[in-house]
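See below for the structure under consideration.
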Amino acid sequence: MTEDVTVESDNLIQAEAPVADDTWQTQYLSEDLRENETLGKFKDVGSLGTSYLELQKMVGSRDKIPTEDSSEEEINTFYGKLGRPDAPDKYEINLPTEGGTGTPYDTKLYGDFLDTAFKSGLTNQQAQEAIDFYSKMNEDTDINKTASMQQAKVNAESTLKKEWGAKDYDKNLAMSRRAFNRFADEDLRTFVNDSGVSNNVAMIRFLHRIGKSFSDPDMGGSGKDAGSVDSDTAKIEISAMMKDKGHKYHEALFDPLNSKHEEAIQYRDHLYDLVYAEDE
C-alpha cells in the first residue's frame, strides 16, 4: 500500500528563506566595522558601553604631565611617582673622589647639581648617569691635557737642544729654573704648572735671559749665578732627601698625594740647579 505524500508547494525542491542576521553589530554598526575582531568580542551593546566607561575611568585616573600652569604640589606628586627622591639631599650618588677619601671634587658644584637635578625631576638613576658622564668627560679631558703637555715638553726639549746645543742644554735649563724659582710666587707657580706654560719655548728662553742677567757683569749682574751656594752642600742635601726618612721632604718627595709633594719637587730641582751651576 502506497502512502499519499502531501506537497504544500508547487516545487519539490524549495530554497529556504535566508535567516535574518539580527546581531547587535548588524543593527548598530556600519558595514566596515562589523568584521572588527575587537568589537566582535562584545556580546551586546551594553557590554561595549560598560567597557568604554571602564576605559574612561582608567584614563582619567592617570597622572597628567605637568604644564606651566601646574601647581608645585602637582609637579612634586608627578615627579615623586616617577621615582624622584623627596629632597635634593636624598639622592644616593656614587661620587668620583680625590685620593679615595669619598669627598666630591667640588662640594659646592655638587650641591648645585643636586638642586638642579631635583628641580628637573631626575630620578636617582638619571642623576647617577649624569654624574658618571661628567666624570668620564673630565677624565678624558685630563688624559688629553696630560698627553698634550708631555708632547709639548718633548718638542721644547728638542728645539732648545738644537738652539743651545746638547752641551749647554742642561746648564741653560737649570738657569731658567733658578730664575723661575727665585721670582715666581705661589699663584704664578700654580698657573705655570697647570697650564703647561712651563714647556713653552718662549717662556724658557725668557727665564734663561733673566737668570743670565744675574751672572753677566755686562748686564748689571754680579758675575755669580743667582742663588748659587756651595755645590757640595747641595749634593749632601739631595742625598739626605732621597735616603733619610727623617728629612722633612723625604716622604713628600715620593708620595704624589702628599700636600707638600710639589714643594718637595721644587726644592729638589732647585738643589739640582745649584749643582749644575758649579759646572757653568
Check: Restricting the range 148-200 to residues that are assigned by TED's automatic domain parsing to the domain that holds Ile265 and hydroxyl-bearing (Ser, Thr, Tyr), which is surrounded by the most Cβ atoms within 10 Å (Cβ to Cβ)?
Finding: Ser176
Margin query: Can you pull out every residue in the range 180-215 that is under 37 Å from the mean Cα position of the chain (by Cα) and small (Gly, Ala, Ser)?
Written below: Ala184, Ser195, Gly196, Ser198, Ala202
Check: Which one of these is part of a helix (DSSP H, G or I), modelled with pLDDT of 90 or more and either among the aliphatic types (A, V, I, L, M) or farther than 30 Å from Val197 by Cβ (or both): Ala147, Ala130, Ala152?
Finding: Ala130
Note to self: Can you report the number of residues in the range 176-212 which are in contact with a Lys or Arg (Cβ under 6 Å, 6 or more places away or on another chain) and in contact (Cβ under 8 Å) with a residue 60 or more places away in the chain?
What the structure shows: 0
Checklist line | Test: Val192 is touching a Ser or Thr at 6+ places or on another chain (Cβ under 6 Å), in a helix (DSSP H, G or I) and closer than 30 Å to Arg268 by Cβ | finding: yes
Notebook entry, point to check: Does the range 237-258 include one or more residues that are touching a residue at least 24 places away in the same chain (Cβ under 8 Å) and among the polar types (S, T, N, Q)?
Noted result: no
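The values are calculated or read from the model by the stated rules, or taken from the named source; none is laboratory data. Predicted, not measured: the structure shown is a model, and the values here were computed from it. Cβ atoms come from the backbone with ideal geometry, glycine included; neighbour counts cover every protein chain shown.
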